[in-house]
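Here the structure is laid out as structure tokens; the discussion comes afterwards.
The values are calculated or read from the model by the stated rules, or taken from the named source; none is laboratory data. This one's a predicted model, so the numbers in the text were calculated from it and none came from an experiment. In this analysis, Cβ positions are derived from the backbone assuming ideal geometry, glycine residues included, and neighbour counts consider all displayed protein chains.
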Amino acid sequence: MGRDGHGVTPMGIAAEYGHLEILAILIQHGGDVTAQATNGDSVIYDAAGCGNLDCIDLLLQYGANPNVASLCSQLPIHRAAYEGRYLALKKLIPITNRKVIRLCGMSPVHSAADGGHADCLELLIKKGFDVNPILGCHISENYGDMRKTPLYFAICNGDVTCAKMLLKSGAKPDLDPLRCLLVAVRAEKYELVSLLLAYGADVNCVFSVISDTIFPTALQYCLKDEMMLRLLLNNGYHAESCFECYHDNWVTTEAANI
């Protein structure tokens, strides 16, 4: 069968839009259920994005493999989680190999948090998925902030519901190079800042990836925000560090010279 400009087969298009009858006709006339587009997206990957269970069942019946990743290391389970296709996700969880997921370098928990779908996130947590998976380097390096965790995605989205669910389930707030707390402070998300602090985020964390000094990072993000600064101070922020200069293992305390 022919392909469009992106290398997608008619099967893939039918699956993407949930056209069950057309999909069945194509299969009856020799359509390949294992076909992949130029970017590696499989037909069942397209069906997972649509969320049509009948299409997914039909493809599985004729031999579609839910454990084939796209060139972007995405499986059908990732697509379903990101798009918020709860029933499709529920269908795919038991038939997707956990080892294959790990080899992809990204968990569907990342996908659900990124898409902002609390119901899918809750389902994955109930099914035993780790709430602290770390993005593979080949994926993390595509983000300028070097993000690693599902919690980071939720914080970046300003998603209190998903963030709270992850934290309640054991997500650690200080695993990313740029800490979740600093992201929330910079975005002026008071509720998220309070939530992270309540779950043990380090109020005195420093982002030193691009600097060899440790001037308080949070302070730089809220110099003109008295409410945020007060919130940080009330939760143990070390104000005295503002008067100390660390550079090349050398320290001076300006407060002592005043």
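Residues in the range 128-144 that are more than 26 Å from LYS90 (Cβ to Cβ), outside any helix (DSSP H, G or I) and more than 13 Å from the chain's Cα centre (by Cα): GLU141, GLY144. With respect to the stated conditions, ALA112 is closer than 16 Å to HIS78 by Cβ and crowded, with 22+ Cβ neighbours inside 10 Å.
Tell me, yes or no, whether the range 100-110 has at least one residue that is under 22 Å from LYS189 (Cα atoms) and within 11 Å of the chain's Cα centre (by Cα). Among the residues of the range 100-110, at least one is under 22 Å from LYS189 (Cα atoms) and within 11 Å of the chain's Cα centre (by Cα), which makes the answer yes. Of the residues ALA14, ALA24, only one is part of a helix (DSSP H, G or I), buried (at least 20 other Cβ atoms within 10 Å of the Cβ) and modelled with pLDDT of 95 or more; which? Exactly one residue qualifies, and that residue is ALA14.
All of (1) hydrophobic (A, V, I, L, M, F, W, C); (2) more than 20 Å from CYS104 (Cβ to Cβ); (3) surrounded by 18 or more Cβ atoms within 10 Å (Cβ to Cβ) hold for ALA187 with one exception: (3). Looking across the range 159-204, the residues that are farther than 12 Å from MET228 by Cα, assigned to a helix (DSSP H, G or I) and among the small types (Gly, Ala, Ser) come down to ALA163, ALA198.
What residue, of VAL43, VAL33, VAL8, is farther than 29 Å from ALA113 by Cα, buried (at least 18 other Cβ atoms within 10 Å of the Cβ) and out of contact with any Cys (no Cβ under 6 Å at 6 or more places or on another chain)? That would be VAL33, the only listed residue that is farther than 29 Å from ALA113 by Cα, buried (at least 18 other Cβ atoms within 10 Å of the Cβ) and out of contact with any Cys (no Cβ under 6 Å at 6 or more places or on another chain). Every condition in (1) of a type in the set (Gly, Ala, Ser); (2) assigned to a helix (DSSP H, G or I); (3) within 18 Å of the chain's Cα centre (by Cα) is met by ALA47 except one, and the failing one is (3).
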